[in-house]
Amino acid sequence: VLLWVHWQLALLILLFNPLVIFATILIGKRVKELKRRENSAYEEFQGDLTETLDAIHQLRAANREKHYLRQLIDRARNVRDHSIQFEWRSDAASRASFALFQFGVDAFRAAAMVTVLFSDLSIGMMFAIFGYLWFMLTPVQEMLNMQYAWFAANAALARINRLLDLKEEPRYPALENPFRDRHTVGLTLRNIHFAYGEEEVLRGINLELAPGEKVALVGASGGGKSTLIQVILGMYTPQQGEVLIDGVPVQRIGLPCLREHVATVLQHPALFNDTVRQNLTLGRDKPDAALWDALRIAQLDATVAAMQDQLDTVIGRQGVRLSGGQRQRLAIARMILSEPSVVILDEATSALDAETEFQLHRDLEAFLKQRTTLIIAHRLSAVKQADRACVFEDGRIIEEGHHDELIAREGLYAQLYGERQM
């Protein structure tokens, strides 16, 4: 309609409109950057707060509590400062955008008035142009206001988008179940290669465990032993090679089935702020008799029996009300209750004293009999429970054999355990 009423003014309006929109977009991008900084400040504060609270006992023991609390206060001030900047600058940007918009409208009106003076445009048609101009520019202003909400929301979603961009673990179809009607199974690792980015950690691992065999993985820290466990459980996908259960690739078994029959006990087990019962069963239905039997094997029955609520005693976050050795034994009892076909013990007894560890290994012997077991340990007492040992170095297995054979070879194993044996 504006082009029909007065095409010269209409062209002027169409020329100025993109310039106004472009200027407001530049202001909106500044708002996005302010919101991004505010979110980063929140992220840093929340991360530091979680880490500080988790380590508060150690910080107090090291007399560094005040230092880290001051850091938290600085992070909180940073959040406050960025929030204030975002609030007033985004409001200022919105008002500046509106002022720019009004300037454009007034420029159009001035041009229309000049046109009335120097052309045949009537005052009535001029007011008609003002009316159509307002009808056209009001939705444009609403769209400009929407972009500020869009830029702020887009910056706020950046952390969620990073999470969504992460690759999910592979989903394998459950085509075969080698665990069905079997007490235990064999485990084969064939030419396993794995790297964290450019750093290769596992360099062609070949290992075979016969059904019911116990194998110890030993070596200096950082050799790749724990990484190998994550590959076996499917937590990490190897760049090359495959994991087989009784000759069946994991890709045909499915990770849920694999993890249902493979139990892992870690050096620092995950425990929940819940009862002993829930930490043992993880929500499974188990009779109390089975719980007490598992606790007995794990050398923890007397400790739990002495607790005020016994199996219904709450142990605190990460088992804070238990000692390090008690946490490990609770995790071992949890493993026993799951009745696995394959057992992986990753420094599972490192926090135990020699006497308790001896009794634990003695009582575990019957349970682990005829169960394929992989033991990662540095203690000789744990290593000697295995039928044979494999020595890790720099992501490779460099030695393999029985304890006495490896000592006689005078290699890395002899350096680690020879003097202790003597």
Fill in the blank from the handout: Karplus ³J(HN,Hα) for segment 231-246 (6.51 cos²θ - 1.76 cosθ + 1.60, θ = phi - 60°; Hz, whole; x = Gly/Pro) runs 5, 4, 7, x, 5, 10, 9, x, 6, 8, x, 8, 10, 10, 10, 6
Practice task
With a ≥ b ≥ c taken as the square roots of the eigenvalues of the C-alpha gyration tensor of segment 1-43, please select rounded if a/c is under 1.5 and otherwise prolate if a/b is larger than b/c or oblate if it is not?
Solution key: prolate
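Can you tell me the order of 294-304, 394-404, 66-76 when each peptide is scored by its average per-residue count of other Cβ atoms within 10 angstrom, highest first? Please list the in-between numbers first.
Details: 294-304: 20.7, 394-404: 15.7, 66-76: 13.2.
Going by the mean number of other Cβ atoms within 10 Å, highest first, we get 294-304, 394-404, 66-76.
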Practice task
May I have the convex hull volume per residue, in Å³, for the Cα set of the chain?
Solution key: 233 Å³
Completion exercise
Checking G319, G124, G222 against a Gaussian network model of the chain (alpha-carbon springs below 10 Å), the top fluctuating residue turns out to be G124
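Pull out the extension gain between L233 and F22, defined as 0.36 nm times the separation in residues minus the alpha carbon to alpha carbon distance; nm, one decimal. Show your work: numbers first, answer last.
On the way: separation 211, 0.36 × 211 = 75.96 nm, distance 5.35 nm.
Additional length available on full extension: 70.6 nm.
Given 0.36 nm per residue, what is the gain on full extension from T275 to H193 after removing their alpha carbon distance, in nm? Before the final figure, lay out each step's value.
Values: separation 82, 0.36 × 82 = 29.52 nm, distance 4.04 nm.
Residue separation times 0.36 nm, minus the Cα-Cα distance, leaves 25.5 nm.
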Handout entry: Folded to 0 to 90 degrees: helix 7-54 orientation relative to the chain principal axis, Cα
Key = 30 degrees
Completion exercise
Taking Cα atoms only, helix 354-368 is inclined relative to the longest principal axis of the chain by an angle, in degrees rounded to 10, of 90 degrees
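At 20 °C and a viscosity of 1.002 mPa s, what translational diffusion coefficient does Stokes-Einstein give for segment 2-165, taking Rh as the Kirkwood radius over Cα pairs? Give it in µm²/s as a whole number. Each step should come with its number before you reach the end.
Details: Rh = 19.6 Å.
Once the numbers are plugged in, D ends up at 110 µm²/s.
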Fill in the blank from the handout: Counting only residues 5 or more apart in sequence or on a different chain, those whose built amide H sits under 5 Å from that of G204 are I192, H193, F194
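Rounded to the nearest 0.05, what FRET efficiency do R95 and I123 have when you use their Cβ-Cβ distance and R0 = 51 Å?
Working: r = 32 Å, r/R0 = 0.64.
That gives a FRET efficiency of 0.95.
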Handout entry: Debye intensity ratio I(q)/I(0), log10, segment 231-303, q values 0.18, 0.19, 0.25 Å⁻¹ (C-alpha model)
Key = -0.88, -0.92, -1.18
Exercise for the section: Report, in degrees rounded to the nearest 10, the 0 to 90 angle that the Cα long axis of helix 123-156 makes with the longest principal axis of the chain. Expected result: 10 degrees
Practice task
For segment 401-408, take each phi angle, set θ = phi - 60°, evaluate the Karplus expression 6.51 cos²θ - 1.76 cosθ + 1.60, and give the result in whole Hz per residue in order, putting x for glycine and proline.
Solution key: x, 6, 3, 5, 5, 5, 4, 5
Practice task
Over the Cα atoms of segment 1-92, compute the convex hull volume and normalise it per residue, giving Å³.
Solution key: 84 Å³
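What's the Kirkwood radius of segment 187-421 in Å, using all Cα pairs? Could the numbers behind the result be given before it?
Details: mean 1/r = 0.0539 Å⁻¹.
Evaluated on segment 187-421, it is 18.6 Å.
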Exercise for the section: Just subtract the alpha-carbon distance of R317 and D404 from 0.36 nm times their residue separation and send over the number in nm, one decimal. Expected result: 27.0 nm
Handout entry: Cβ-Cβ FRET estimate between L380 and Q308, R0 fixed at 51 Å, reported to 0.05
Key = 0.85
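Based on the mean of other beta carbon atoms within 10 Å per residue, what is the order of 328-338, 185-195, 165-175, most packed first? Provide the component values of the computation, followed by the final result.
Values: 328-338: 24.4, 185-195: 18.8, 165-175: 9.5.
Taking the mean over residues of other Cβ atoms within 10 Å, the ranking is 328-338, 185-195, 165-175.
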Exercise for the section: Provide the FRET efficiency to the nearest 0.05 for the R296-R80 pair, computing r from the beta carbons and using R0 = 56 Å. Expected result: 0.55
Problem - Set of aspartates and glutamates near K66 by C-alpha distance (under 17 Å), chain-local residues within fewer than 8 positions excluded - result: D48, E51, D54, D74
Exercise for the section: Return the single residue from E200, E87, E405 with maximal mean-square fluctuation; model: Gaussian network over the chain, springs between Cα atoms under 10 Å. Expected result: E87
Problem - Inter-probe distance in nm under a simple model that places probes 7 Å from Cα toward Cβ, at W7 and N161 - result: 4.3 nm
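No value in this document is a laboratory result; all are computed from the given coordinates. Computed from a prediction, not measured in an experiment: that's the story for all the values here. Ideal geometry is used to build each Cβ from the backbone, glycine not excepted, and the neighbour counts take in all protein chains shown.
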